[in-house]
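Notes to accompany the following structure.
The values are calculated or read from the model by the stated rules, or taken from the named source; none is laboratory data. What you are looking at is a predicted structure, and each value in this text was computed from that prediction instead of being measured. Because the Cβ atoms are built from the backbone with ideal geometry, glycine has one as well, and the counts that use them run over all protein chains shown. We work out accessible area using only protein heavy atoms, side chains counted, and drop any ligands, DNA or RNA first. Shrake-Rupley method; radii C 1.70, N 1.55, O 1.52, S 1.80 Å.
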Amino acid sequence: MHRLAISTAAALGLAALVPSVLLIGAPAFAKGPTADLKAYTESVAGTAIGFDMVPIPAGRYRMGSPASESGREADEGPQTDVTVGAFWMSKYEVTWDEYDQFRKLAPKLSKGADAPADAVTGPTPPYADESWGFGKGRQPAIGMTWHAATEYCRWLSAKTGHHYRLPTEAEWEYAARAGTNTPWSSGEDAASLDASAWHAGNANSAPHRVGGKKPNAFGLYDMHGNIAEWTLDRYDPKRYAALKGPAAKDPVALPGAARYPHVVRGGSFEDDAVHVRSAARRASKPAWSRRDPQEPQSVWWHTDASFVGFRVVRAMDEAPALKQFKSKVTRASPNQ
């Protein structure tokens, strides 16, 4: 197992002072600029809500899993070198305390969810209890669609003046690995996971309040397990083959107007350890709304996906295409 030179400092909460990623004995990683990249707490105007953002230094890593990794799926390879720019990522998964402000304050449309050109809109009422009986407050928000998570980011950006979005798949894995190249950031052995993750073996079939386990070396909590997390990317099982060659810089597969499939990462409280690995990928699918009786089905809620939520990122130097990105999903969108 390779270890970050910064791991001791990060474990002490000093990640904001680390100048760059430097991985001992791992040529796939390199230094990256991190000037002014410091931890901060964001406040949401008009609410009592704030959330913590963790600095993630720029760097290079090997995305995906090696063929020798136990439990590996074909869509996790071939491994490819990727570089990512510096960014901030929310320390915890978005909680109900935060998401309910979006539900309360974002404007609703009178008919359906087809938004005017650039208007930010909020979720229409769900068909059933959106918390699935797991409670609210500091519990992670769950069951929202990729479209809803994306609109939450646009609303958050408008409220704070900072550009927030879902992490790209490359950013997510880079942040989850936190300088490691083992199946989990906790190590090579699945037994090491219990200290840092809620999974099927220890979660008692329920998500838990965020931050209940140990953080990774970047200071991020619940990257493995608890709830699976939306990324910005469209799912493509052969995505990595298209990236093979010189290290891709900030790769992202931008989605179109289809409702499915998008990538979720990290696994959840329902998943075995093998499915909460850093490289594990999962595609959203229509079955996640199987019991939705509406026609067309809701663009805001999944009736059969209590395991999915998200966290937000803010790039230090955002690409124009990502800054202008917004969901194209409407009630008229095809499934695929």
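Considering each residue of segment 308-318, count those that are part of a loop (DSSP other than H, G, I, E, B) and open to solvent by 10 Å² or more (accessible area, probe 1.4 Å), and give that number. Spell out how you get there, then give the answer.
Taking segment 308-318 and keeping what is part of a loop (DSSP other than H, G, I, E, B), we get 310-312, 316-318.
Checking which are open to solvent by 10 Å² or more (accessible area, probe 1.4 Å) leaves us with 316-318.
Number satisfying all stated conditions: 3.
For the list (1) surrounded by fewer than 17 Cβ atoms within 10 Å (Cβ to Cβ); (2) in contact with a His (Cβ under 6 Å, 6 or more places away or on another chain), I need the number of the one condition that Val276 fails.
Against the list (1) surrounded by fewer than 17 Cβ atoms within 10 Å (Cβ to Cβ); (2) in contact with a His (Cβ under 6 Å, 6 or more places away or on another chain), Val276 comes up short only on (1).
Restricting to segment 155-201, name every residue that is among the small types (Gly, Ala, Ser), part of a loop (DSSP other than H, G, I, E, B) and within 18 Å of the chain's Cα centre (by Cα). Full working, then the answer.
Pass one, segment 155-201, residues among the small types (Gly, Ala, Ser): 157-158, 161, 170, 175-176, 178-179, 185-187, 190-192, 195-197, 200-201.
Retained after the next criterion (residues that are part of a loop (DSSP other than H, G, I, E, B)): 161, 178-179, 185-186, 196-197, 200-201.
The answer is Ala178, Gly179, Ser185, Ser196, Ala197.
From the list Gln294, Gln324, which residue is among the polar types (S, T, N, Q), over 30 Å from Ser205 (Cβ atoms) and surrounded by fewer than 18 Cβ atoms within 10 Å (Cβ to Cβ)? I'd like the intermediate steps shown before the answer.
Working: Gln294 fails: over 30 Å from Ser205 (Cβ atoms).
None of the other options fit; the residue is Gln324.
Could you list all residues from segment 103-140 that are at pLDDT 75 or above, in a loop (DSSP other than H, G, I, E, B) and of a type in the set (A, V, I, L, M, F, W, C)?
Going residue by residue through segment 103-140, those that are at pLDDT 75 or above are 103-107, 119-140.
Imposing the further condition that a residue be in a loop (DSSP other than H, G, I, E, B) reduces the set to 106-107, 119-139.
Ala106, Ala119, Val120, Ala128, Trp132, Phe134 - these are the residues of segment 103-140 that are at pLDDT 75 or above, in a loop (DSSP other than H, G, I, E, B) and of a type in the set (A, V, I, L, M, F, W, C).
Go over the candidates Ala257, Ala217, Ala287 one by one and state the one that is modelled with pLDDT of 95 or more, open to solvent by 30 Å² or more (accessible area, probe 1.4 Å), part of a loop (DSSP other than H, G, I, E, B) and among the hydrophobic types (A, V, I, L, M, F, W, C). Step through it out loud before you land on a result.
Working: Ala217 fails: open to solvent by 30 Å² or more (accessible area, probe 1.4 Å); Ala287 fails: part of a loop (DSSP other than H, G, I, E, B).
Sole residue among the options that is modelled with pLDDT of 95 or more, open to solvent by 30 Å² or more (accessible area, probe 1.4 Å), part of a loop (DSSP other than H, G, I, E, B) and among the hydrophobic types (A, V, I, L, M, F, W, C): Ala257.
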